[in-house]
Amino acid sequence: MPELPEVETVAGDLRGRIVGATIVDAETRWERTLRNVTPEAFADGVAGRRVEGVGRRGKQVVVELSGGAFLTIHLKMTGQLFVVPQGGPDDPYVRVVLELEDGREIRFRDIRKFGRIGLYGASTADPFAKTGPEPLSDEFTVAAFRRRLRARKGRLKPLLLDQTFVAGVGNIYADEALWSARLHPLRTARTLRPPDERRLWLDLRRILAEAVIRRGSSIDDYTAPDGDGEMQEHLAVYQRTDEPCLRCGRPIRRIVVGGRATHFCSWCQRLPAGDRAGARKILRTISPRRRGGRWTELPAGEGSVGLTPAERGARTERTRRAAATRRAAARASVGG
């Protein structure tokens, strides 16, 4: 799912293309894409409104419209936004089309249909009322981060993924920030010392800022209106199972935390003794482990049984190539 850097990139690309444009009509091809309105009410609600700004809140694009209305666009797993001339190639995966007065269309394309678009007005409830602070904002100081951490007792990886704790962080950048800060993903917040807290705050902000500059990570279906990102070429641990740690050279490990693949170095990111007993069940899913001269893999059902490190690497590369092909096909299918 696109995270803060990817959504920020999409918002920035759209901002340069549609601010000042007027929406004249809307076509909804998959009704469930709309979060809180019917297709008829959606078309009526956006028609005649001018796009006054495009921003981001958490993992959602926010399109500000005249009259105090705004759209929220949650890309989820396969959502993509393109701005193209009207009358372009038909695409069966386009779920919502916004027609612009100047002869262009904003197309929301979503193969798996998980993405959602909401329409809100000045008098409606704030859809972001429970969303946590923005990690790149000036208000997100180390003191503010410490206060939030010290009010929690959970493990660091699920905590960073909690959108009520901090906005926009997902699986990729949580893994990257924890590796950079030398903190185990299963470590509990209560065990952190002030230097640990400051290091995590600094590294989280630094990595997110770098990823924004690099236009995010085009690992799966994510692409922005102006093209793919390149942060995937600079990740230290995410999807690097079996590959050597960039600090110590030992293999990167993979465990499953809350149903999410989690990547870390068990040497550089030590788990405090007090957290080991509670984490023992999760650590049994670790992959890979070298025992008696051979590699043992994840339990059945994890999709990696019997693979050597070389085979796993080859499979990962095939997956990346397939994703790049899908992204190129998506751009071609909408005429973008």
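The values are calculated or read from the model by the stated rules, or taken from the named source; none is laboratory data. Predicted model only: the values in this text are computed from it and were never measured. We place every Cβ from the backbone using ideal geometry, glycine too, and count neighbours over all the protein chains shown. Calculation scope for accessible area: heavy atoms of the full protein, side chains included, ligands and nucleic acids excluded. Shrake-Rupley method; radii C 1.70, N 1.55, O 1.52, S 1.80 Å.
Can you tell me which residue in region 273-284 is farthest from K153 (Cα to Cα), limited to those that are open to solvent by 40 Å² or more (accessible area, probe 1.4 Å) and in contact with a helix residue (DSSP H, G or I) (Cβ under 9 Å, 6 or more places away or on another chain)? This residue is L283. For region 192-243, the set of residues classified as open to solvent by 30 Å² or more (accessible area, probe 1.4 Å), in a helix (DSSP H, G or I) and of a type outside the set (D, E, K, R) consists of P194, P195, W201, L202, A209, V212, I213, Q232, H234, listed by residue number. Within region 243-255, residues that are under 15 Å from A310 (Cα atoms) and touching a residue at least 24 places away in the same chain (Cβ under 8 Å) have Cβ atoms under 6 Å from residues that are buried (at least 21 other Cβ atoms within 10 Å of the Cβ) and among the β-branched types (V, I, T) in these pairs: E243/I252, counting only partners at least 6 apart in sequence or on another chain. Between V84, V10, V24, V37, which is under 27 Å from the mean Cα position of the chain (by Cα) and either part of a strand (DSSP E or B) or exposed (fewer than 15 other Cβ atoms within 10 Å of the Cβ) (or both)? Selected residue: V84, the only one of V84, V10, V24, V37 that is under 27 Å from the mean Cα position of the chain (by Cα) and either part of a strand (DSSP E or B) or exposed (fewer than 15 other Cβ atoms within 10 Å of the Cβ) (or both).
Report yes if L136 is under 27 Å from R199 (Cβ atoms) and open to solvent by less than 40 Å² (accessible area, probe 1.4 Å), otherwise no. No, not satisfied.
In region 142-153 there is at least one residue matching the filter, namely being open to solvent by 30 Å² or more (accessible area, probe 1.4 Å) and within 22 Å of the chain's Cα centre (by Cα).
Out of all the residues in region 157-188, which are aromatic (F, W, Y), open to solvent by less than 10 Å² (accessible area, probe 1.4 Å) and over 12 Å from the mean Cα position of the chain (by Cα)? Result: F165, single match. Scoring A310 on the criteria (1) of a type in the set (A, V, I, L, M); (2) modelled with pLDDT under 75; (3) assigned to a loop (DSSP other than H, G, I, E, B) leaves a single failure, condition (3). Taking the numbered list (1) out of contact with any strand residue (DSSP E or B) (no Cβ under 9 Å at 6 or more places or on another chain); (2) among the basic types (K, R); (3) part of a loop (DSSP other than H, G, I, E, B) in turn, R148 passes all entries but (3).
For every residue, the table says whether it meets (1) touching a residue at least 24 places away in the same chain (Cβ under 8 Å); (2) out of contact with any strand residue (DSSP E or B) (no Cβ under 9 Å at 6 or more places or on another chain).
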residue: A189; (1), (2): yes, no
residue: L192; (1), (2): yes, yes
residue: R199; (1), (2): no, yes
residue: L208; (1), (2): yes, yes
residue: I213; (1), (2): no, yes
residue: Y222; (1), (2): yes, no
residue: E230; (1), (2): no, yes
residue: V257; (1), (2): yes, no
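Against the list (1) touching a Ser or Thr at 6+ places or on another chain (Cβ under 7 Å); (2) farther than 18 Å from R152 by Cβ, the condition D226 fails is (1).
Looking at region 87-116, which of the residues that are touching a residue at least 40 places away in the same chain (Cβ under 8 Å) and of a type in the set (F, W, Y) is most open to solvent (accessible area, probe 1.4 Å)? Can you show your working first?
Step one: filter region 87-116 for residues touching a residue at least 40 places away in the same chain (Cβ under 8 Å), giving 88-89, 91, 93-102, 104, 106-111, 113, 115-116.
Still in the running and of a type in the set (F, W, Y): 93, 108.
On the way: Y93: 91, F108: 3 Å².
Per the stated criteria, the residue is Y93.
When residues in region 48-79 are screened for being assigned to a loop (DSSP other than H, G, I, E, B), open to solvent by 40 Å² or more (accessible area, probe 1.4 Å) and on the phi < 0 side of the Ramachandran plot, 2 of them pass.
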